[in-house]
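The values are calculated or read from the model by the stated rules, or taken from the named source; none is laboratory data. It should be emphasised that the depicted structure is a prediction, and the values quoted were computed from it without experimental measurement. Cβ coordinates were reconstructed from backbone atoms using ideal geometry, including for glycine residues, and neighbour counts include every protein chain displayed. All accessible areas refer to the heavy atoms of the entire protein, side chains included, with ligands and DNA or RNA removed. Shrake-Rupley method; radii C 1.70, N 1.55, O 1.52, S 1.80 Å.
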Amino acid sequence: MPLPSWREPVDVLVVGAGAAGAAFTWSVSRAGLQVLCLEQGDWVDPASYATTRGDWELTRQAEWHPDPNVRRSTSDYPVEATESPITPLMFNAVGGSTIHWSGHFPRFKPSDFRVKTLDGVADDWPLTYEKLEPFFDLNDQMMGVAGLNGDPAYPPKSPRPTPPIPLGKLGETMARGFDRLGWHWWPSDSAIITRPYDGRHACNNCGPCDWGCPIGAKASTDITYWPKTLAGDARLVTRARVREITLGPGGLADGVVYHDAEGGVHEQKALAVVLAANGIGTPRLLLNSRSARFPGGLANGSGMVGRDLMFHPFAAVRGYFDEPLESFKGPAPCAITSHEFYETDLARGFLRGYSFQVVRGFGPAVSALGGLGERRIAWGREHHAEHARRWNHTIALGVMGEDLPEPENRVVLDRELSDANGIPAPRVIYRLSENSRRLLAHGVDRAKEALEAAGATRVDSTPLLQTAGWHLLGTARMGADPSTSVVDRYGRCHEVPNVYVVDGSLCTTSAGVNPTSTIQALALWVAHHFTQQVRTP
Amino acid sequence: MNEAARAGASVFTEAERQLLRQVLDVLIPGTSALPAAGQAGAADHVERRAETAPALRRRLSEGLATIAILAARRHPDGFAALDHGQRETVLQSASTETPDAFDALILHAYSGYYALPQVLAGIGAPDRPPQPLGHEMAPLDERLLARVRQRSPLYRPTPRA
């Protein structure tokens, strides 16, 4: 295909404008480097979010569905996932998946970075919680967080930017259940502001955060990092889908080839290429960047690109209560968490652990269609009675387990499926490990116990939620050994030292909590050291 | 010209529209407190969605055609002439004969029904979308955390790297 002439080279080219790409670009652009970010999606107008409309619930089943294979937007690419019991989810736009995420904002814990040392499995990260802590704090300030200090499940943290989200009747009911059992609970650290902050409105407890937040209380990087970044010299080009990273003489990357929205193909030169395309998009791009030097994909001499894919295996346990719970009030996915079973206890029969997430209720339509793993309510004469038992009477406890890295769980390129630009689609191959199976079974039993202690009159469960592939981790992982990892402690590819990874791909292990806070802190860590390196070569 | 317009005049024929309303009344019947879906106007919602999605329109038309055929086998005057139990039987058969179409019908029937103000009021839900008003909530009462605060650290100590 014909290629236009070279554009002016930039210092840094970032692929992806989501959680990590935004944080990295903001940080590096402040250092005076010329940064260009290419994003395959577009800006999403917050005024278009459906929660101001009467039919808001339906959109999550169609154009706002978290699965790109269902949503099929022009910004999306297909993901072949028939060999995975967990469906990968993502959103392609400026802001990436922070547009439709829930805003859970826990940090990984100190032990999560030392899994090999503590438990003899997986690997230690080549950095520690303590090293990352200043970047957690910086990111909390940038995103805006609601939370409360004093949680005994964490080392002391810096002051939370805004007070914790309200518990509501539902959260207080569940807290009483945990109290009766003597278990830990704490209000969720959430990337949702409860007071006006940084020019943004406070949360008004409308409920469905994952439909997009039209008032800007939920942090998404299109309203946090990007406005500040674009006020400077950084540039962002949307509807630009990167096809491959090109290799120059000397074994260094020298730019990318990308497609624009009109079908044009461009080459863009850069001194460094930074990947922030998520745990599936990043290995896809590396694997599709083949050359004589790297026939199996860029930076993949070790064969590790795409391997060690980790999700967070997730079980949903639901308790049904006689009393109405006002479950439609408050940030739906974030109420309280419990880390009672987070750290390893060998007596439980598995390694590592999990967190509980207390999820508020869904709207009336989604409750009828099946909320968190529930069966759809049957049509016919019993419909109303079952709907009345569910809607506003359900607490769902999510069991979010740590997934250990296994090389056979991986992302490869599909031989037949491709996107609208003819770029091979990623194929996800994933098997739930025996450790994860035992962990989830333990979590389901404990969740039932907690719900009953809270007063549930009926409890049921989904042992493994299929539509739970929110977190895409580990496929270009960080490590000290180039034969077992893709990038070093500074996110730099062992084999191509001017290519960096800053998204969830670089996670050495997955921890048992939502990863976005940690991913963004890692992006800021990488950016900090990248800038230092440029200043003092 | 949009695709719906290219595909033909109105979204559903009058016969389809009438059948849709009758089917919705069986899917979500009325109670003393709540209206049946067809009578309440859920069909309008289904039709509006079909109007903007030609593939959905074709799928729903296929489902309605299947229901009409199955009903005609039981009574020459079709679905309208069947009693409630017979209508349920027809819909059960339709759900297995054209499952995709039936799934789409359920999705849009439920979504449409639970967007109707009179239904939302009937179940005690706010009869407005979540935004822009949101909901008033009391802030966290930190006294609730007194027990948890007294616990020893739960996080595992790590050796120096």
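The table below gives the values:
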quantity: Residue count for the stretch A:491-537, restricted to those that are among the hydroxyl-bearing types (Ser, Thr, Tyr) and part of a helix (DSSP H, G or I); calculated: 5
quantity: Subset of the stretch B:144-161 (residues that are touching a strand residue (DSSP E or B) at 6+ places or on another chain (Cβ under 8 Å) and surrounded by fewer than 18 Cβ atoms within 10 Å (Cβ to Cβ)); calculated: B:159, B:161
quantity: From A:365, A:388, A:347, A:378, residue being buried (at least 19 other Cβ atoms within 10 Å of the Cβ) and at negative phi; calculated: A:365
quantity: Among residues of the stretch B:107-143, those that are crowded, with 19+ Cβ neighbours inside 10 Å, in contact (Cβ under 8 Å) with a residue 40 or more places away in the chain and at the interface with chain A (Cβ under 7 Å from one of its Cβ atoms), counted; calculated: 3
quantity: Those residues of the stretch A:434-463 which are under 20 Å from residue A:408 (Cα atoms) and surrounded by fewer than 20 Cβ atoms within 10 Å (Cβ to Cβ), in sequence order; calculated: A:434, A:435, A:437, A:438
quantity: Selected residue (criterion: most open to solvent (accessible area, probe 1.4 Å)) from residues of the stretch A:36-75 that are of a type in the set (D, E, K, R) and not in a loop (DSSP other than H, G, I, E, B); calculated: A:42
quantity: Residues of the stretch A:257-294 satisfying the condition of being surrounded by fewer than 24 Cβ atoms within 10 Å (Cβ to Cβ) and of a type in the set (Val, Ile, Thr); calculated: A:257, A:265
quantity: Residue count, the stretch A:127-173 (criterion: part of a loop (DSSP other than H, G, I, E, B), among the hydroxyl-bearing types (Ser, Thr, Tyr) and farther than 30 Å from residue A:395 by Cβ); calculated: 2
quantity: Positions within the stretch A:462-490 being in a strand (DSSP E or B) and not polar (S, T, N, Q), in sequence order; calculated: A:469, A:473, A:478, A:487
quantity: Residue ID - surrounded by the fewest Cβ atoms within 10 Å (Cβ to Cβ), chosen from residues in the stretch A:177-191 that are among the hydrophobic types (A, V, I, L, M, F, W, C) and closer than 19 Å to residue A:318 by Cα; calculated: A:181
quantity: Given (1) over 17 Å from residue B:15 (Cα atoms); (2) out of contact with any helix residue (DSSP H, G or I) (no Cβ under 9 Å at 6 or more places or on another chain), number of the condition residue B:76 does not satisfy; calculated: (1)
quantity: Residue count, the stretch B:30-68 (criterion: more than 13 Å from the chain's Cα centre (by Cα) and in a loop (DSSP other than H, G, I, E, B)); calculated: 7
quantity: Given (1) more than 14 Å from chain B (Cβ to nearest Cβ); (2) open to solvent by 30 Å² or more (accessible area, probe 1.4 Å); (3) touching a strand residue (DSSP E or B) at 6+ places or on another chain (Cβ under 9 Å); (4) not small (Gly, Ala, Ser), index of the condition residue A:145 fails; calculated: (2)
quantity: Restricting the stretch A:76-128 to residues that are touching a Pro at 6+ places or on another chain (Cβ under 9 Å) and basic (Lys, Arg), the residue that is most open to solvent (accessible area, probe 1.4 Å); calculated: A:114
quantity: Within the stretch A:384-416, tally of residues that are touching a residue at least 12 places away in the same chain (Cβ under 8 Å) and assigned to a helix (DSSP H, G or I); calculated: 3
quantity: Residue in the stretch A:31-50 that is under 17 Å from residue A:522 (Cα atoms) and within 14 Å of chain B (Cβ to nearest Cβ) present; calculated: no
quantity: Search result, residues across the stretch A:213-249 that are within 14 Å of another protein chain (Cβ to nearest Cβ) and either surrounded by 23 or more Cβ atoms within 10 Å (Cβ to Cβ) or hydrophobic (A, V, I, L, M, F, W, C) (or both); calculated: A:213, A:215, A:217, A:218
quantity: Any hit, the stretch A:314-321, residues being of a type outside the set (Val, Ile, Thr), at pLDDT 95 or above and over 17 Å from residue A:448 (Cβ atoms); calculated: no
quantity: Single residue of the stretch B:87-106 satisfying the filter (over 19 Å from the mean Cα position of the chain (by Cα) and away from chain A (no Cβ under 13 Å)) that is most open to solvent (accessible area, probe 1.4 Å); calculated: B:97
quantity: Long-range neighbours under 6 Å by Cβ, at least six apart or interchain, first residue at negative phi and surrounded by 22 or more Cβ atoms within 10 Å (Cβ to Cβ) within the stretch A:310-331, second β-branched (Val, Ile, Thr) and part of a loop (DSSP other than H, G, I, E, B); calculated: A:311/A:86; A:331/A:165
